[in-house]
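What follows is a set of notes on a single structure, which appears directly below.
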C-alpha cells in the first residue's frame, strides 16, 4: 500500500472514511458527548465533505451504565484470538462487541471499510492532549500529530497498540468538564481538517515528531496479604506527566510517611500517573523514552 | 448568649435526638455528657478512596486514632461497594437511613444497602436513642473542588458547632468550609445520622477510584484535629461561646436537559472549580455543547458547592446553591459525672 512515485513524498491512498469512536470506556464522557453531538449535527443536514465521518458509540451498554466496562475491558478485546473466538451464551458482552466493531469498521478494501479510526478517551492523569499511535511507522498518525502540535499547546505522542487514540486529561471518570470537551472538539476538527487537506492532494513536508515510547510500568507498593496499596503517588510526582523523572526522585509516599524513590538507572518520562482504571491492572504509572522520529513527506495518491 | 434559648433537646425521661443536655449554674456553658464512643466510617461510597484507605489502615493499626478515655472504632460501612470500587450496589447507602428502611423487616428481597443500614443502626445506633454512638465521622471524597469541608445537619447542635470551630482553627491556614444541610426537602438520611453528633468530612477534588496523596493527608489531619477536640472536651476544657461561618444549603440546581433527560450543557468553564466563590445573577453558569453560555438567574448571590460532582448527575444536580450565614455556638463543657 505504500507507493513512491518519486524519491520525495511517500504516497498513500486517500482517507475517504474516518471513524470517530466514543464510549470505548463507558465513563469517559468527552468522547461520548462529542460523538452524540456530532451525530445530532449531522442529522441537521450538513453538506457532504471530502471525507465521510462515521460516528460510533463503541460500548453502548457500558455507556448506559456509566461504567468503564460491563464484563471485560473492550479496549483489550481486539487481539486476533478474541476477534476470531467462537461466540456462545457465556461470551462476555465486550468480546461480542469487539467482533461487531471489527465487522462494522473493517475489513479494509471493502466498500464500507474505514481508513482511519480515532478512538476518544479521557484519563484521570494530567496528560493534556495525547495522541496514541500503534506503530512508529504510521506516517498518517504522526503527520496528524505534527499538525496538531503546530496549532495547540504541546500534545504528545506515544506508541501503544492497535489503532489511533486521542486521550485527554485530567478528568474524573463520570464527569464532563467543559474545558476538556472543548479541547477534544477542537482537536477532532483539526484532525478532520488535516484529512480533508490530505485527500485534496496537499503534500505535507517531511519533518520530525517527538515520540514517547513506553519502556515499563511501575505498580504501587502493596500489602502482601490483602494486596491493598500501601502508598500513594508522591505529591511531587502527582500531575507531572511527561516531566522527566530522574533516578532517586520520589515516586511514592507511603501511609507511614516513608518516601519511595525511582530506582531505575535511566531518566524516563512518566505518564498515566495515577490513572483510576489502572489500579486493577497493577499500574501506578508508565515510563517512556523520548525520541525524535523522522517522518517523510506524504501525499495522497490519486487512484 | 442566653442559655435558655439554646436547646431543642431537654432532659426528660424519654431521650430526644440530640442527647441529654443539662443546665448548669453558676457558669453559662451548655453541658454535654463525656464522649464515650466515636466511630470513623469509610467506604459509605465504595469508590471514595481516602476514607476507605484511612479506615483500613486504622483497622489494622488504630494507634493514631486512639485517645484516652474514648473508644474509637474505624469501620467500613459498605464493604460490598468497596470490593467492587463502585459507589453502591443497589441503592445509595448515604440516603438509606430513613425511618421506613430502618424499621422494615429483614428479608431476602431487601436491597443490599437497606440491609446494611439496619445492621449499622444496630451496631452504632439505634438512631435517636441514648445508646447510640456519641460521634460519627463519615469520610467522603468529591470530584468537586471543595477542599476540606465539614458537613453538619443541625444549626443547634452546639457540641458539633464547637468541634467544627476548633477544627477550622487548628487546620488554618489550610481552609476548611462548613456546609450546613438543614433544608426540609434537600436534607437526607445519612449513614452518620444514627449517632448523637454526626459529622460529614468531604475532601476534594479527587476522581472516584483514585487516591491522591495530598487529599489523603488533608483528611487524615482533619480527623486528628477532631479527635484532639474530643480529648480536650473530655478532659474538662470549657469552650467559650463563638461564631462559625457556614454555608447553608438553599437549593439544588440541575443541568439543562432535553425531553429524554440527557444533559444539553456542561458546567461553564468560569464556574468549574469555583466552589465557595460567590455566583451572582448574570454570571455564566452552563455552556451548551455548541458554545452558548447560560447565566445564573437567581435573585441574589449564592455560594455553589458540589460543582460537577460525578455522583450527582443521576441525582439531577449540577451544583448546590448555598447562602452564607454566621452560626452562634454556645459555650460548652463536659457535664460533671
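The values are calculated or read from the model by the stated rules, or taken from the named source; none is laboratory data. This one's a predicted model, so the numbers in the text were calculated from it and none came from an experiment. Counting neighbours? That spans all protein chains shown, and the Cβs are built from the backbone with ideal geometry, glycine included.
Of note:
- Some residue of segment A:241-249 being touching a residue at least 60 places away in the same chain (Cβ under 8 Å), under 22 Å from residue A:144 (Cα atoms) and either in a helix (DSSP H, G or I) or within 12 Å of chain B (Cβ to nearest Cβ) (or both): no
- Residues (surrounded by fewer than 23 Cβ atoms within 10 Å (Cβ to Cβ), assigned to a helix (DSSP H, G or I) and in contact with a helix residue (DSSP H, G or I) (Cβ under 9 Å, 6 or more places away or on another chain)) located in segment B:74-86: B:79, B:80, B:82
- Matching residues in segment A:263-289 - criterion: being within 12 Å of chain B (Cβ to nearest Cβ) and exposed (fewer than 15 other Cβ atoms within 10 Å of the Cβ): A:280
- So residue B:94, is it touching a strand residue (DSSP E or B) at 6+ places or on another chain (Cβ under 9 Å), buried (at least 18 other Cβ atoms within 10 Å of the Cβ) and either part of a helix (DSSP H, G or I) or within 14 Å of another protein chain (Cβ to nearest Cβ) (or both): yes
- Taking first residues from segment B:91-109 that are on the phi < 0 side of the Ramachandran plot and partners that are in a loop (DSSP other than H, G, I, E, B) and surrounded by 14 or more Cβ atoms within 10 Å (Cβ to Cβ), the Cβ contacts under 6 Å between residues at least 6 apart in sequence or on separate chains come to B:91/B:111; B:93/B:44; B:93/B:78; B:94/B:44; B:94/B:190; B:95/B:188; B:97/B:189; B:98/B:189.
- Only residues that are assigned to a loop (DSSP other than H, G, I, E, B) and surrounded by fewer than 24 Cβ atoms within 10 Å (Cβ to Cβ) were counted across segment B:193-205, and they come to 1.
- Residues that are within 20 Å of residue A:189 (Cα to Cα) and either at pLDDT 95 or above or assigned to a loop (DSSP other than H, G, I, E, B) (or both), drawn from segment A:4-20: A:14, A:15, A:16
- In segment B:116-132, the residues that are part of a loop (DSSP other than H, G, I, E, B) and surrounded by fewer than 22 Cβ atoms within 10 Å (Cβ to Cβ): B:125, B:126, B:127, B:128, B:129, B:130, B:131
- Checklist (1) in contact with a strand residue (DSSP E or B) (Cβ under 8 Å, 6 or more places away or on another chain); (2) free of Cβ contacts under 8 Å to residues at least 24 places away in the same chain; (3) under 25 Å from residue A:298 (Cβ atoms) applied to residue A:236, failing item: (3)
- Close contacts from segment A:211-226, counting a first residue that is assigned to a loop (DSSP other than H, G, I, E, B) and a second that is crowded, with 17+ Cβ neighbours inside 10 Å, with Cβ to Cβ under 6 Å and a gap of 6+ residues or different chains, come to A:219/A:284; A:220/A:229; A:220/A:284; A:221/A:230; A:221/A:231; A:223/A:230.
- Hey, residue B:113 buried (at least 21 other Cβ atoms within 10 Å of the Cβ) and either at positive phi or over 18 Å from the mean Cα position of the chain (by Cα) (or both) or not: yes
- Only listed residue being closer than 30 Å to residue A:252 by Cβ and modelled with pLDDT of 95 or more, chosen from B:222, B:263, B:294: B:222
- Residue match in segment A:92-100 (condition: free of Cβ contacts under 8 Å to residues at least 24 places away in the same chain, surrounded by 15 or more Cβ atoms within 10 Å (Cβ to Cβ) and part of a loop (DSSP other than H, G, I, E, B)): yes
- Set side by side, the residues A:112, A:171 differ, and just one is within 14 Å of chain B (Cβ to nearest Cβ) and either at pLDDT below 90 or more than 13 Å from the chain's Cα centre (by Cα) (or both), which is A:171.
- Segment B:46-73, subset assigned to a helix (DSSP H, G or I) and out of contact with any strand residue (DSSP E or B) (no Cβ under 8 Å at 6 or more places or on another chain), residue nearest to the other protein chains (Cβ to nearest Cβ): B:57
- Screening the candidates B:216, B:286, B:233 for the property of being crowded, with 21+ Cβ neighbours inside 10 Å, part of a helix (DSSP H, G or I) and within 11 Å of another protein chain (Cβ to nearest Cβ) yields one hit, B:216.
- Meets criteria (buried (at least 16 other Cβ atoms within 10 Å of the Cβ), more than 27 Å from residue A:149 (Cα to Cα) and in contact with a helix residue (DSSP H, G or I) (Cβ under 8 Å, 6 or more places away or on another chain)) for residue A:260: no
- Qualifying residue in segment B:162-171 (condition: crowded, with 24+ Cβ neighbours inside 10 Å and within 14 Å of chain A (Cβ to nearest Cβ)): no
- Within segment A:119-167, the residues that satisfy the criterion of being at pLDDT 85 or above, away from every other protein chain (no Cβ under 14 Å) and outside any helix (DSSP H, G or I) are A:119, A:120, A:121, A:128, A:129, A:130, A:131, A:132, A:165, A:166, A:167.
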